[in-house]
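First up is the structure itself, then whatever we jot down about it.
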Amino acid sequence: MIKVIWIDLDDTLLSFKGSVKAALREGFPAFGLPSYREEMYPVFERINNGLWRQIERGELSFQGLMKSRWNTVFAALGLSGDGEAFEKYFRSYLYDSAIPEPHAREALDYLHGRYRLCAASNGPFEQQMNRLELAGMRRYFTHFFISSRLGASKPDPLYYERCFAELREAGCEASPGEMLMIGDSLTSDMAGAANAGMNTCLYRKEPLPQDACAYVGRVIGDLAEVKNFL
């Protein structure tokens, strides 16, 4: 029986994609760059995801990501700009951006009071907490497992060990087998949680790769679907 539910933030509860696109629409003209076009987003997504995979593997620090991300994106787009200056703007914009995923609040309303809820995210602690507050979601959670505070990132086993320790200290006796991770990432959310002995639920709007089935317990395309099995 599930007793504790961990929920990822970016592109699970909050639309990271929506926030990024809004930041680029406003930021590019302000930095003297060409107007944002939709075909630019996949370039950002590919580079950003690659950098986060390096962080997950322990090959790159978050500070390293911030120094290199936008210089790399601008080079790939054939643009000339100060990537580190744009990164500061970008982080500031994200700090105050909280666009909910469809039916996110409805899902939290349903889960709250039935389960112990934990926010589980790789990212800056202050930023993620502020975004939850702006979205009106912070009140649903009893634990905030944010990587910058824990000193480890999903899917590092150390991340889960420290989260489990916090739960035990709070008097939670649930085992990993009584916990569920809901998230959008096959690597940090699904593989990380499965390797820690947890149940997994992938929130995904695209078809599931065949090789992901080993560590994905359930797939939903809409957060409203949590009512169907929890």
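Please treat every number below as a calculation from the coordinates, not as lab data. Bear in mind that the values here come from a model prediction, so they are computed numbers and not experimental data. A quick note on method: Cβ atoms are made from the backbone with ideal geometry, for glycine too, and the neighbour counts reach across all protein chains shown.
Computed from Cα positions, the angle between helix 62-77 and the longest principal axis of the chain comes to roughly 50 degrees. For the chain, the longest principal axis of the Cα atoms and the long axis of helix 157-169 meet at an angle of about 50 degrees. Segment 106-127 and segment 49-85 have Cα centres lying 28 Å from one another. In order along segment 8-18, the Karplus-derived 3J(HN,Hα) couplings, from 6.51 cos²θ - 1.76 cosθ + 1.60 at θ = phi - 60°, round to 5, 9, 5, 6, 10, 8, 10, 7, 5, 4, x Hz, and Gly and Pro are given as x.
Taking square-rooted eigenvalues a ≥ b ≥ c of the alpha carbon gyration tensor, is segment 98-147 rounded, prolate or oblate, where a/c under 1.5 means rounded and, failing that, a/b exceeding b/c means prolate? The partial results should precede the final answer.
Values: a/c = 2.08, a/b = 1.30, b/c = 1.60.
Cα axes put segment 98-147 in the oblate bin.
Say the dipole of the chain comes from +1 at the beta carbon of Lys and Arg and -1 at that of Asp and Glu; which of Leu13, Phe74, Pro157 then lies farthest toward its positive end? Comparing the listed Cα positions along the dipole, Leu13 ranks first. Quarter the surface of the alpha carbon convex hull of the chain and you get the mean projected area, 12.1 square nanometres. Of the residues Cys163, Cys172, Cys201, the one with the fewest other Cβ atoms within 10 Å heads the list, and the complete ranking is Cys172, Cys163, Cys201. The peptide list 31-40, 214-223, put in order of mean Cβ contacts within 10 Å with the highest first, becomes 214-223, 31-40.
In this label model, Tyr89 and Arg139 are separated by 3.6 nm, measuring between points 7 Å along each Cα→Cβ vector. Karplus-derived 3J(HN,Hα) values for segment 91-105, using 6.51 cos²θ - 1.76 cosθ + 1.60 with θ = phi - 60°, are 5, 5, 5, 4, 4, 10, 10, 9, 9, x, 5, x, 6, 5, 5 Hz; glycine and proline are entered as x.
Quick check: the angle from helix 41-56's long axis to the longest principal axis of the chain, C-alpha only, nearest 10 degrees? For 41-56 against the chain, the angle is about 50 degrees.
Here the gap between Arg57 and Arg25, fully extended at 0.36 nm per residue and compared with their Cα-Cα distance, gives a gain of 8.4 nm.
Taking the Cα centre of the chain as origin, sum charge times position over the Cβ atoms of Lys and Arg (+1) and Asp and Glu (-1), and report the length of that vector in debye to the nearest 20.
Numbers: 26 positive and 30 negative charges, 34 e Å.
Roughly 160 debye for the chain.
Non-local lysine pairs in the chain, meaning eight or more places apart or on different chains, with alpha-carbon distances under 28 Å, amount to 18.
When peptides 41-47, 10-16 are ranked by their average number of other Cβ atoms within 10 Å per residue, the highest-first order is 10-16, 41-47.
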